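Colleague: Handing you this structure, nothing more for now.
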Amino acid sequence: MNSIIFTAAARLLVALLFVFSLFMLLRGHHLPGGGFIGGLIGAVAFIVYSLAAGPAEARLALRISPEVIAIVGLGIALLAGLFSFFMGDPFFTGQWYWVGGDSYETAAFSLNTVLVFDVGVYLVVLGGILSLTYAFEEET
């Protein structure tokens, strides 16, 4: 049985880790970070919660099967690659659209397929790691 201190601290730590994982996801295509490391940190957040509350409670908190999350992420990443193919560029070529300017320096922000691909990778890593972790925890 876990201590009350660990259970209470885990709730705060899970929220902080999950927000940090989203931060790492969003800063990934200009600075170090991205979908892979963001997905790992997000998985660690759910693993900490699983250690504090148990795998059954952690699965309920996730609300969606980890396998479904991984499959959806794979589909999103594939769509990012197909978009460039339909635009006449090679498969998985990044497509950038500048909003509020005509270059990286003058634009307010950019819409791009790189971020869509990173979100797909984030979900694949999150779902894959959680699938493995929950399978190992439920066996013991």
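Colleague: Rounded to the nearest 10 Å², what accessible area does Y49 show when all protein chains are kept and the probe is 1.4 Å?
Modeller: 40 Å²
Colleague: With the chain treated as a Gaussian network of Cα nodes joined by springs under 10 Å, which of S21, S84, S50 yields the largest mean-square fluctuation?
Modeller: S84
Colleague: Tell me, in nm to one decimal, what length is gained between V68 and F86 on full extension, where the rule is 0.36 nm per residue of separation less the Cα-Cα distance?
Modeller: Going from the current span to full extension adds 3.8 nm.
Colleague: Highest first, please rank the peptides 62-70, 112-120 by the mean number of other Cβ atoms sitting within 10 Å of their residues.
Modeller: 112-120, 62-70
Colleague: Next up: What number results when the radius of gyration of the chain, computed over Cα atoms, is divided by 2.2 N^0.38 Å?
Modeller: 1.24
Colleague: Modelling each spin label as a point 7 Å along the Cα-to-Cβ direction, I'd like the F23/N112 distance in nm, to one decimal.
Modeller: Placing both labels 7 Å beyond Cα along the Cβ direction yields 2.1 nm.
The values are calculated or read from the model by the stated rules, or taken from the named source; none is laboratory data. As the structure is a computational prediction, the values presented were derived from the model and not from experiment. Using ideal geometry, Cβ is built from the backbone for each residue, glycine included, and neighbour counts are taken over all protein chains shown. Surface areas here come from the heavy atoms of the whole protein model, side chains and all, with no ligands, DNA or RNA. Shrake-Rupley method; radii C 1.70, N 1.55, O 1.52, S 1.80 Å.
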